[in-house]
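**Q** Structure incoming, see below.
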Amino acid sequence: MPDPENSRSRFVPRGRSGFVLAAAALLALGGVTGAAVMAQTRPSVSMAPVKPVAIVSLSSAEIVTVRGRVAEIYGNKFVLDDGSGRALVETGPEGDRRALVTTGAAVTVQGRFERGSVHAAFLVGPDGKVLALGPLMGPPHGRHDGPDRGPGAPPPPPRGAEGVAPPPPPSNTSDSANPAPPAPAASQED
C-alpha cells in the first residue's frame, strides 16, 4: 500500500505561497475572460435614425441631424453649410486631440442644438464612418448663480490669502473724521 504522505499530488499548492499563486492565477483568468466577453457583447457605435433637417429650421434644445459641407474650421469647432444656412458645430475634447474634418468635406452631424450651435455627439465623414464624440444629451447646462456667484456677488478673495482676514470695507465718511492708523514701527536689526 502506498504511503499517503508521499503520494501527494505535485499540483496541490503547498503552504501560503501556493495559495497566493493559485488565487492570482484565478484572478488573471477571470480578468481575461471578462475582457473577452465585453469585447464580444459591446454594442457597436450607431446613430439614432433621424432624418437630416435644414439648418435654417433648427430650434433650441433639441436633438438634430444636419448634413452639409464644412465651410470653416476653428480648433475643435467648425462651420457647417447646408445651403439653407450655416451652423457652428462643437466637437468637444475629441476635436482638440485631432483633426476630425477638412474644409469642403461633406459630413453629417447628430447632436443637440443649443444656444445657437450644434453640440456634436456623432460625426459621419464622407467615407460613411461613424465617429462617436460624446453623449447625445451632453452635460447639463444652466444657470449657476448662487449666494456667492452671479450678478452682484462679491469678488473672490485674492489668491494666497487663505486664513487671512479680509480688509475692512471702505468708509463713507471723510478722512478727517477717521484718521489713518499709525504705521507700524520699523524693526531695527542688531
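**Q** Grab the Cα-Cα distance for A35 and K77, subtract it from 0.36 nm times how many residues apart they are, and report the gain in nm with one decimal. Present the calculation step by step, with values, prior to reporting the outcome.
**A** Values: separation 42, 0.36 × 42 = 15.12 nm, distance 3.49 nm.
Between A35 and K77, full extension yields an extra 11.6 nm.
**Q** While we're on this one: Summing Lys, Arg as +1 and Asp, Glu as -1, what charge do residues with Cβ under 14 Å from the Cβ of T103 carry, T103 excluded? Intermediate values should be presented prior to the final figure.
**A** Values: positive: R69, K77, R86; negative: E72, D81.
After counting each charged neighbour, the total is +1.
**Q** Follow-up question, since we're still on this one. Given the C-alpha atoms of the range 55-132, compute the convex hull and give its volume per residue in Å³. Intermediate results must be reported in sequence, preceding the final value.
**A** Working: hull volume 6.1 nm³, N = 78.
Measuring per residue, one finds 78 Å³ for the Cα hull of the range 55-132.
**Q** Continuing with the same structure: I want the local charge near R69. Using Cβ-Cβ distances under 14 Å, sum +1 for each Lys or Arg and -1 for each Asp or Glu among the other residues. Before the final figure, lay out each step's value.
**A** Values: positive: R67, R86; negative: E72, D81, D82.
Here the charged neighbours net out to -1.
**Q** Right, another one. Could you put K129, K77, K51 in order, starting from the residue whose Cβ has the fewest other Cβ atoms within 10 Å? Walk me through the numbers on the way to the answer.
**A** Working: K129 9, K77 16, K51 6.
With the sparsest Cβ surroundings first, the list reads K51, K129, K77.
**Q** Now a separate question. Add +1 for every Lys or Arg and -1 for every Asp or Glu among the other residues with Cβ under 10 Å from the Cβ of S60, and state the total.
**A** That works out to 0.
Here, each number is a calculation from the coordinates, and none is a lab measurement. A quick note: this is a predicted structure, and the numbers were derived from the prediction, not measured. All Cβ positions, glycine included, derive from the backbone under ideal geometry; neighbour counts span all protein chains shown.
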